[in-house]
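Nothing in this text is a laboratory measurement; each read-out follows from the coordinates by a stated rule. Worth saying up front: this structure is predicted, and the values here are computed from it rather than measured. FYI the Cβ positions are ideal-geometry reconstructions off the backbone, even for glycines, and counts take in every protein chain you see.
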Amino acid sequence: MAKNKAFDASTFTGFYMEPTDLVLISDEKHPLYDPRVNMPLEEKWVLYTMKFGITDPITITKEENGKPLVVKGRQRTKYCIEANKRLATSGAETWKVPCIYERGGDDDRLVGLMLGENEIRRGDDLLVKAKKIQRYMAMGHDEADAALVFGCSVNTVKNRLALLDLDGSVQKAVEEGAMNVTMALELSKLPPAEQQARAKAARDAAPAPAEAGERTIRVVGAGHAAAGKAMKRRTPSRPGVKTLKRIVDDAPVSDEVQTLLRWIIGEIDLATVSKKVRGLGFLSEKAEKKAKKAEKKAAKAGAK
């Protein structure tokens, strides 16, 4: 094995490039256009990039004019640009983006690479995240460090760590979706036997996966149950704003689901959600039409 190689394996060539030299496609007619290029930046990822830079290489190809075109890694590129602006302002050293070159000429392959990265990726379950936080903090880091690295609030870090102190049966109920984080943490002061009983009750009451989200019909009354004469239609209760905020903070949901929830609870506006969530462009168009109608109506009323 060569002395300058860490492993006895083949290597590949990559490039470290200035993020501002990389081309992000904004033309909707281009085969490599992705609406995610218009997503607004999140502060937690800007701060993360300022501290660690870009550790996951992006993929680029070459345009006809020779410029490097981003195939996958639009968000990493944007965050590096913003992070570098702030670092340069403070006089700190800036970051470059590690890039892997993909030869052009096969648009189908490039489009497949672009789409697959975001569609196939799956986030960690809550308990997996909690164990990762625990290991990270065991290395000497505090809750603020963990919040930065895991892209959440300090309070979320505390809640996730608290899950690890619960009985295994409660943890399993959380993993299966029979209990949410808030319900589980409320059991923390109970003895293990009581936690196990509550967890079993929650798991027994949880609908089967095929029934989740559907309306169910339940026979009520011991005497009428066998004959099925008295039936009650049950509709799942709707979560309140506090529950939705807890889901945004703690649940392992996708960025698009988080965006929708933030819109529902009023944290972001219609224009933002229309850009960040695919297929919702019609909402902003509908709002524009409604606004134009209102303007015309007001203009007519003024003319009278």
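Which FRET efficiency value, to the nearest 0.05, do you get for Leu270 and Tyr16 by plugging their Cβ-Cβ distance into 1/(1 + (r/R0)^6) with R0 = 41 Å?
Details: r = 39 Å, r/R0 = 0.96.
E between Leu270 and Tyr16, to the nearest 0.05, is 0.55.
State the extension gain, in nm to one decimal, for the chain segment bounded by Leu161 and Thr55, taking 0.36 nm per residue of separation less the distance between their alpha-carbons.
Contour length minus Cα-Cα distance gives 35.6 nm.
Rg and Dmax in Å for region 5-73, alpha carbons only: what are they?
Looking at region 5-73, its Cα Rg and Dmax stand at 14.9, 45 Å.
Taking the simple approach of a point 7 Å from Cα along Cα-to-Cβ for both Leu41 and Met183, what is their distance in nm?
Spacing of the two 7 Å Cα→Cβ label points: 4.0 nm.
Quick one: which of Lys172/Lys275; Lys29/Lys62; Lys62/Lys289; Lys72/Lys289 span more than 29 angstrom between C-alpha atoms? The partial results should precede the final answer.
Values: Lys172/Lys275 36 Å; Lys29/Lys62 18 Å; Lys62/Lys289 40 Å; Lys72/Lys289 34 Å.
Table pairs above 29 Å Cα-Cα are Lys172/Lys275; Lys62/Lys289; Lys72/Lys289.
Tell me, what ³J(HN,Hα) does each residue in region 151-165 have, in order and in whole Hz, if you take phi through Karplus 6.51 cos²θ - 1.76 cosθ + 1.60 with θ = phi - 60° and put x for Gly and Pro?
So the J values, rounded to whole Hz, are x, 9, 8, 4, 4, 5, 4, 4, 5, 5, 5, 5, 4, 6, 8.
Per the Kirkwood treatment, what hydrodynamic radius in Å, one decimal, follows for region 14-120 from the mean inverse distance over all distinct Cα pairs? Let's see the in-between values first.
Details: mean 1/r = 0.0700 Å⁻¹.
Every distinct Cα pair counted, the radius reaches 14.3 Å.
Using the Cα centre of region 60-149 as origin and beta-carbon charges of +1 (Lys, Arg) and -1 (Asp, Glu), tell me which of Ile81, Met139, Ile60 is placed farthest towards the positive end of the dipole.
Farthest towards the positive end: Met139.
Using a 7 Å offset from the Cα along the Cα-to-Cβ direction at both Lys5 and Asp204, what is the distance between the two label points in nm, to one decimal?
6.1 nm
I need the peptides 35-45, 10-20 ranked by packing, meaning the mean over residues of other C-beta atoms within 10 angstrom, with the highest value on top.
On the way: 35-45: 14.3, 10-20: 11.8.
Packing proxy ranking, top to bottom: 35-45, 10-20.
Can you grab the distance from the C-alpha centre of region 67-111 to the C-alpha centre of region 18-51, Å, no decimals?
Between the Cα centre of region 67-111 and that of region 18-51, the gap is 8 Å.
Counting other C-beta atoms within 10 Å, which of Leu127, Leu110 has the fewest, and how do the rest follow?
Details: Leu127 17, Leu110 20.
So the residues, fewest neighbours to most, are Leu127, Leu110.
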